[in-house]
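Structure first, then comments.
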Amino acid sequence: MVPLETVSAPRPGPLRRLRAIREEQVLPYVYLTPALTLLGVFVYWPLLYTIYLSFVDWNFVEETKTWVGLENYSGIYHSTLFQDAAWNSLIYIAASIPLKVLLPIPIAVFIWTMPRRIGDFYKTVVFLPTLLSFVVVALAFSWLLNPIMGFVAEVGRPYGFRLPPIFTNADLAIWGILGLSTWKVIGFNTLLYLAGLAAINRDYIEAMEIDGAGDWAIFRHLVWPLLTPTTFFVAIATVILSLNQVFTPIDVLTQGGPSNSTTNFFYMVYQYAFVTFNVGFGSAGTVMLFALLIIVTFLKAKAIEKRVHYQ
């Protein structure tokens, strides 16, 4: 009788091994098929079709689309609206870094150092604007900052304070839009930083305190380096979303004015495609905006990623 230890399991045949290899190679793609289908239908196909529309002349109504090549790109590039939108877009992106990326850090650190119940109260207060619709926020700011009958003007009038017309002033309107959007989204970014701070081991802080380090030294040499991954994520997300976040306030309060002083690439595309029905210009602007965001995001990632410290 052959001992059980010497009995080996039968080796699978070549067909079974081939079938197992095929299952290992094909099965992951089967699981990914629903997600890839949704991406293809709602992301990649519209992107490819938009690129095609950027080379044609079409007004949404006529069935025929006339091929014009690069004329749409040339025409939109030399338009005054594009030049104003490009400059304003750079302002929106550049100003969003200190307002939406850096400003939430001290707010998050302040809440983080508070006792738990007080910190929870501040979290609620800071996060509440995030729950509001951009339309509601825009209308509220329009009433608050109305120079004639607004809340700020009524409160300041007995003291001789006169509020300038912010959203109808070409020099102030863009800063009013930026302040509005910052107030709306700063709570969300603060919560992201709070999540990053919660992951820091308190033992590190206690060790530095025992060594005699002050609050600034602890933040500079410990908290800030360990918070850089969160800062990196918030910075990239802010760059990508900075132009989209001000679209609704622009549409509700200024419609891109006065004198194109608040318009940006997003609103420019909307005006060309859905106001004047110049689909070719709108599509060309979309492609140029897409390329701009990729370039800016790539450059920012290269500049920041080297300074990111993971725990």
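The table that follows gives values for the structure above.
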read-out	value
GNM top mover of T37, T168, T263 - the chain, alpha-carbon springs below 10 Å	T37
For the chain, calculated [θ]222 nm from helices alone, where every DSSP H run of n ≥ 4 adds -39500 (n - 2.57)	-20500 deg cm²/dmol
Per residue value of the accessible surface for the stretch 211-311 (all protein chains in place, 1.4 Å probe), Å²	49 Å²
Relative contact order (%) - the stretch 225-311, alpha-carbon pairs under 8 angstrom, separation at least six	41 percent
Helical segments meeting 20 Å axial Cα length and Kyte-Doolittle 0.0 threshold in the chain (DSSP H)	14-39, 80-96, 116-131, 173-198, 224-245, 279-305
Gyration tensor (alpha-carbon) shape descriptor, the stretch 41-89, a/c threshold 1.5	oblate
Listed residues E63, E71, E154, most fluctuating in the chain (Gaussian network, C-alpha, under 10 Å)	E63
Lysines with Cα under 23 Å of K100, excluding same-chain neighbours fewer than 8 positions away	K123, K184, K300, K302, K306
Cα lying deepest toward the dipole's positive end in the chain, options F232, Y49, L102, charges on Cβ	F232
Among D215, D57, D171, residue whose mean-square fluctuation peaks in a GNM of the chain (springs only between Cα atoms under 10 Å)	D215
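The values are calculated or read from the model by the stated rules, or taken from the named source; none is laboratory data. Quick caveat, the model's predicted, so the values are computed rather than measured. Using ideal geometry, Cβ is built from the backbone for each residue, glycine included, and neighbour counts are taken over all protein chains shown. Just so you know, the surface numbers come from the protein's heavy atoms only, side chains and all, with ligands and any DNA or RNA stripped out. Shrake-Rupley method; radii C 1.70, N 1.55, O 1.52, S 1.80 Å.
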